[in-house]
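Heads up: the structure comes next, in structure tokens.
The values are calculated or read from the model by the stated rules, or taken from the named source; none is laboratory data. Just so we're clear, the structure is a prediction, and the values are computed from it rather than from any experiment. Glycine gets a Cβ as well: all are built from the backbone with ideal geometry, and neighbour counts include every protein chain shown. To get the accessible areas, we keep the full protein, side chains included, count just its heavy atoms, and leave off ligands, DNA and RNA. Shrake-Rupley method; radii C 1.70, N 1.55, O 1.52, S 1.80 Å.
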Amino acid sequence: MDKIVLAYSGGLDTSVAIKWIKENYKMDVIALTINVGGMEQKNLDAIKQKALDVGAVAAYMVDARQAFVDEYVWPALKANAIYESYPLATALARPLIAKLLAETAIKDGATAVAHGSTGKGNDQVRFEVGVMALAPELKIYAPAREWGMSREQSIEYAKANGIPVPVTVASPYSVDENLWGRSCECGVLEDPWAEPPEGAYDWTVSPESAPDKPEYIEVEFEKGIPIALNGEKLDGITLIESMNKLAGAHGVGRLDNVESRLVGIKSREIYEAPAGVVLILAHQALEALTLSRYQLGYKAKVALEYADLTYNGLWFSAHRRDLAAYIDSTQRHVSGTVRIKLYKGTATIVGRKSPYSLYSYDLATYDEQDQFDHSNAEGFIRIWGLAVKTQTQVQGQAED
Ligand code: ARG
């Protein structure tokens, strides 16, 4: 029998998929579970066992958190990649999962890969375009797009086939989590006029119930990458996890968005990305201090394009790679420390410093220490305004 590698989360759909693929495609299923953070350690072994119990011929568990941070999250942070206010957590993990699917298939001699996404979302695109870019010879299957079962029917199918139905199917939401953020959709959230119930959130407290006292934190960056929190050097995984807790405890990082999916649907999404929101803000503050006006302006345009490519599943495109090279180059002096105040749902930059700071007190000050030669301004403005002045003189008034 041909082998197929399935991206396995341990949830209802991918468990049903193991059985369904065996029955309908007559293939041996290899379950691949990828830890990109946001998963509880105690669940990991249980997930692997569940895959085998349901009928997978092999089950692998890969801790991909380090690669996720180094190769996906940090590049996105350096870019300040945000798509329609969303810091791209799920969108960043999908290409990595696609890569591990392809690698596992090649290593184990499988001819195909599969994922549990349905036909309405972005994730199917990201998985499949990722695999197409990396291993075009592999066949790709999306059983949940094919089987035409409703949620209730999947539950029936699971019960009929001895697949344990997790209690979490009682949750009205569809949730995806990784180190960089949590997304929550469906249920009451499908009414964009309805305020999200507290139960839709998990990583953050409400600003109302956040502490009445602000907390100050300091993040140190080296070449655009955060390396220390409150003076303590931390590895990327620990730093992001700590930041999620710290900022989440102040209600920071909640987002309530309506977003434009690639497939043409507007969807309402709740995000929690405490670390993502604070680190992007801090990173931008450090860039404001260390990059020139032209670098900042051009980079902001690149950020939009970079986020768009990421959101739309083109992570492994040559274009995304080329933009990443430019972004890396911009980060060579983005080192320094940023001070942030967390308070009742807000993160405010209150201080920044860098050995490469372009801020000059002597030039900026209005005090006696002022070194700026005011007389230079006069000639500068004459030259700067020369073109508009000439145009008005030749062509008439600048305003109707
Ligand atoms: N809307 C987000 C995105 O497209 C999150 C998707 C989350 N996926 C999920 N199966 N709940 O990246």
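Is there a quick way to get the dipole size of the range 160-270? I mean about its Cα centre, with the Cβ of Lys and Arg at +1 and of Asp and Glu at -1; what is the value in debye to the nearest 20?
220
Classify the range 1-66 as rounded, prolate or oblate from the Cα gyration tensor: take a ≥ b ≥ c as the square roots of its eigenvalues, call it rounded if a/c is under 1.5, otherwise prolate when a/b beats b/c and oblate if not.
Note, shape of the range 1-66 comes out prolate.
Output the 0 to 90 degree angle, nearest 10, between the alpha-carbon long axis of helix 318-330 and the longest principal axis computed from the alpha carbons of the chain.
Once rounded, the angle reads 40 degrees.
Pairwise over distinct Cα atoms, reciprocal of the mean inverse distance: report the Kirkwood radius of the range 328-397 in Å, one decimal place.
Computed over the range 328-397, the radius equals 16.8 Å.
Checking the a/c ratio against 1.5 first, then a/b against b/c, what shape does the Cα gyration tensor give for the range 265-400?
Oblate shape, in that a/c is at least 1.5 and b/c is the bigger or equal ratio.
So, by mean Cβ neighbours within 10 angstrom, what's the order for 272-283, 345-356 with the highest one leading?
The packing order, highest mean first, is 272-283, 345-356.
Note down the relative contact order for the range 87-153 as a percent, whole number, built from C-alpha pairs under 8 angstrom at least six residues apart.
Once normalised by length, the contact order is 37 percent.
Which whole-number value in Å² is the accessible area per residue of the chain, probe 1.4 Å?
Result: 51 Å² of accessible area for each residue.
How large a share of the accessible area of the range 24-97, in percent, is made up of carbon and sulfur atoms when the probe is 1.4 Å and the other protein chains stay in place?
Result for the range 24-97: 48 percent of the exposed heavy-atom area is carbon or sulfur.
Within 12 Å, Cβ to Cβ, of N244, how many net charges do the neighbouring residues add up to if Lys/Arg are +1 and Asp/Glu are -1?
My count for the surroundings of N244 gives -2.
What nm value, rounded to one decimal, do you get for the distance between T118 and T337 when each label is placed 7 Å out toward the C-beta?
Once both label points are built, they end up 4.9 nm from each other.
Take every Cα pair under 8 Å in the range 333-400 that's 6+ residues apart, average their separations, divide by the length, and report that relative contact order as a whole percent.
Across the range 333-400, relative contact order equals 18 percent.
Using DSSP to define loop residues, name the chymotrypsin sites (Phe, Trp or Tyr not before Pro) in the range 363-400 whose beta-carbon has at most 16 other beta-carbon atoms within 10 Å.
Y366, F372
Looking at the range 29-136, which trypsin sites (Lys or Arg not before Pro) are in a loop (DSSP not H, G, I, E or B) and have at most 14 other Cβ atoms within 10 Å?
Filter output for the range 29-136: K120.
I want the local charge near Y60. Using Cβ-Cβ distances under 12 Å, sum +1 for each Lys or Arg and -1 for each Asp or Glu among the other residues.
For residues surrounding Y60, the net value is -1.
What's the extension gain from S242 to E218 if we count 0.36 nm per residue and subtract their Cα-Cα distance?
7.4 nm
Quote the charge dipole size of the chain about the Cα centre in Debye, to the nearest 20; the model charges only the Cβ of Lys and Arg (+1) and of Asp and Glu (-1).
It comes to approximately 840 debye.
Can you list the HN-Hα couplings for the range 366-373, worked out from phi with the Karplus curve (6.51, -1.76, 1.60; θ = phi - 60°), rounded to whole Hz and with x for Gly and Pro?
Values, residue by residue: 9, 7, 5, 6, 3, 10, 6, 7 Hz.
Is the shape of the range 197-355 best called rounded, prolate or oblate, per the rule: a/c under 1.5 gives rounded, else a/b larger than b/c gives prolate, else oblate, with a ≥ b ≥ c the square roots of the Cα gyration tensor eigenvalues?
Since a/c reaches 1.5 but b/c is at least a/b, the shape of the range 197-355 is classed as oblate.
So for the range 68-211, what are the equivalent ellipsoid semi-axes in whole Å, largest first, each being the square root of 5 times an eigenvalue of the Cα gyration tensor?
Largest first, the range 68-211 gives 29, 25, 13 Å.
Of the heavy-atom accessible surface of the range 243-328 (probe 1.4 angstrom), what whole percent is carbon and sulfur?
After summing per-atom areas, the C and S share lands at 59 percent.
Nearest 10 degrees is fine. How inclined is helix 293-311 to the longest principal axis of the chain, computing both from alpha carbons?
10
Taking the Cα atoms only, what angle lies between the long axis of helix 151-160 and the longest principal axis of the chain, rounded to 10 degrees?
40
Return a whole-number percent for the relative contact order of the chain, with Cα pairs under 8 Å and 6 or more residues apart as the contact set.
Once normalised by length, the contact order is 18 percent.
Restricting things to alpha carbons, find the Rg to Rh ratio for the range 1-149 using the Kirkwood radius for Rh.
0.96
List the chymotrypsin sites (Phe, Trp or Tyr not before Pro) within the range 128-217 that fall in a DSSP loop (any state other than H, G, I, E or B) and whose Cβ has at most 14 other Cβ atoms within 10 Å.
Loop-located and lightly packed - W193.
Work out the FRET efficiency for F380 and A249 from their Cβ-Cβ distance, taking R0 = 45 Å, and round it to the nearest 0.05.
Calculated transfer efficiency: 0.35.
Give me the Kirkwood hydrodynamic radius of the chain in Å, from all C-alpha pairs, to one decimal place?
With all distinct Cα pairs of the chain included, I get 23.5 Å.
Using only C-alpha positions, report the orientation-averaged shadow area of the convex hull of the range 118-176, nm², one decimal.
5.3
Multiply the residue separation of A160 and A364 by 0.36 nm, subtract the distance between their alpha-carbon atoms, and state the gained length in nm to one decimal.
Taking 0.36 nm per residue and subtracting the Cα distance, the gain is 66.1 nm.
Give the aspartates and glutamates reachable from K301 as a straight Cα distance under 12 Å; neighbours fewer than 8 places away on the same chain don't count.
none
Taking the convex hull of the alpha carbon atoms in the range 142-185, what volume per residue do you get, in Å³?
Convex hull of Cα atoms, per residue: 113 Å³.
What list of whole percents do you get for P(r) of the range 144-227, with Cα-Cα distances grouped in 5 Å bins up to the one holding the largest distance?
For the range 144-227, the binned pair fractions read 3, 9, 13, 14, 16, 14, 10, 8, 5, 6, 2, 0 percent.
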